[in-house]
Amino acid sequence: MATNVRRLQAEEAALFRALRLRALEDAPEAFASTLADALKQPDSYWEPRTQSLTEPGRNVMFVAQDEDVPVGLAFGVVHEPGVAHLAGMWVEPALRGCGLGRALVDAVIDWARGRGFARVDLWVTEANDPAVWLYERTGFTATGRRDVLPWNHALTTIEMTRAV
């Protein structure tokens, strides 16, 4: 498998939309928003969002590719002064366990380090053991803070953090 991780480009709003919809469809319990809400958004919604992820000095989206096929994504978001946030991470189910998740996490960590952030935080659904284990293996630890998914209060999320 020839894989790489790259930044989303400004002209790739359609790719952003397709990957985000695929992620929300595959793993709805992993995200704070829903597929139904995302499907309601017009094309005009996706272009400004793409711009906010591709303009220098703002947030970022990384795309994991197998050969030239996009198969994963992760966001690096400015959380608060000195803190970045890893968000919206997803990898195509058939390719989980192949190192793409780790590569996406590493890309966000490298981005945060390059921006001078002191730490990276994230929220993960507590019952998503594979994701929790991935984050633990990449240096994240639970902070003790808990919350629920906005659209499903039966699902608990936990906050994790790691120093950059």
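The values are calculated or read from the model by the stated rules, or taken from the named source; none is laboratory data. Predicted model only: the values in this text are computed from it and were never measured. Note that each Cβ is placed from the backbone with ideal geometry, even for glycine, and that neighbours are counted across all protein chains shown. Please note that ligands, DNA and RNA were not included when accessible areas were found on the heavy atoms of the full protein model with its side chains. Shrake-Rupley method; radii C 1.70, N 1.55, O 1.52, S 1.80 Å.
What the table below lists for this structure:
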read-out	value
Arg58 vs. criteria surrounded by fewer than 19 Cβ atoms within 10 Å (Cβ to Cβ), touching a residue at least 12 places away in the same chain (Cβ under 8 Å), out of contact with any His (no Cβ under 6 Å at 6 or more places or on another chain) and assigned to a helix (DSSP H, G or I)	no
Conditions (1) within 23 Å of Ser33 (Cα to Cα); (2) at pLDDT below 95; (3) surrounded by 17 or more Cβ atoms within 10 Å (Cβ to Cβ): number failed by Ala154	(3)
Qualifying positions in the stretch 31-55 - of a type in the set (Ser, Thr, Tyr) and open to solvent by 70 Å² or more (accessible area, probe 1.4 Å)	Ser44, Tyr45
Residue among Ala127, Ala112 that is assigned to a loop (DSSP other than H, G, I, E, B) and either open to solvent by less than 80 Å² (accessible area, probe 1.4 Å) or touching a residue at least 60 places away in the same chain (Cβ under 8 Å) (or both)	Ala127
Subset tally (residues that are in a helix (DSSP H, G or I), touching a helix residue (DSSP H, G or I) at 6+ places or on another chain (Cβ under 8 Å) and either crowded, with 24+ Cβ neighbours inside 10 Å or free of Cβ contacts under 8 Å to residues at least 40 places away in the same chain (or both)) for the stretch 90-105	3
